[in-house]
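First up is the structure itself, then whatever we jot down about it.
The values are calculated or read from the model by the stated rules, or taken from the named source; none is laboratory data. Bear in mind that the values here come from a model prediction, so they are computed numbers and not experimental data. Methodologically, a virtual Cβ is constructed for each residue, glycine included, from the backbone with ideal geometry; neighbour enumeration extends over all protein chains shown.
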Amino acid sequence: MTRKLRSQRMITGAAIVIVLLEAVSLPQGGLAAEEAGDDALRQRFRYLSENGNSNCSRQFMESITKMPMTAQLQGSCCSPMDEHRYIEQVKGLRKYQHITMVPADPYDIPAGLAQQLLPHYADTLSPREQTAYDYAMENSDEKGPCCCQCWRWHVYGGLAKYLIREHGFTGEQIAKVWDLSDGCGGAGEHVH
């Protein structure tokens, strides 16, 4: 075997080994992709749980309309965030990703989206629509959009009215969205 042929085979062999090593180390879907996604969510959780700017005060709620649209409402209002629950919530909210008005992360909400949802809280519902809203109030984990009547109560109350009117959501669907969007912190009762 000539030296040139041996060199080519060594280079080809090395290239195959590199390709195989890269293929093994990259998530290709399934469990590996899910684990990589969970790792990213854990990193996101750590950031949001340590760097929140959100609180339950009336002043904070009133400041939302003055914030730049690109600002973020981050962290928990009431209790420390729970990592396991956070991951479940974000994954559960992916079901609604086709509706741009549903925040994808209950602990990281664009101020511009909150500004769009706040006015919907004052919307008047038809008797049938009000029945759906009342059902969600009675059956959601927090017995409403949040544990207290803070900015989240108004933003997610507005979201509920929007979803009922524009997307025909039932009371059961609103309760699920509220439960998945609970931004009060803690482990919560359950996630649907």
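Here are a few things to note about the model shown:
- Scanning segment 66-101 for residues that are within 21 Å of N55 (Cβ to Cβ), touching a residue at least 60 places away in the same chain (Cβ under 8 Å) and assigned to a helix (DSSP H, G or I) yields R85, Q89.
- Residue within segment 42-62 that is among the aliphatic types (A, V, I, L, M), closer than 19 Å to P145 by Cβ and modelled with pLDDT of 95 or more present: no
- Residues within segment 123-163 that are free of Cβ contacts under 8 Å to residues at least 12 places away in the same chain and either on the phi > 0 side of the Ramachandran plot or not in a helix (DSSP H, G or I) (or both), tallied: 4
- Of the residues making up segment 143-160, not a single one is of a type in the set (G, A, S) and under 18 Å from Y86 (Cβ atoms).
- Out of S140, S126, sole residue that is buried (at least 16 other Cβ atoms within 10 Å of the Cβ) and of a type in the set (S, T, N, Q): S140
- Candidate set: segment 164-192, residues that are among the β-branched types (V, I, T) and not in a helix (DSSP H, G or I); chosen: the one surrounded by the most Cβ atoms within 10 Å (Cβ to Cβ): V191
- Residue check for E88: surrounded by fewer than 19 Cβ atoms within 10 Å (Cβ to Cβ), under 23 Å from G186 (Cα atoms) and of a type outside the set (G, A, S): yes
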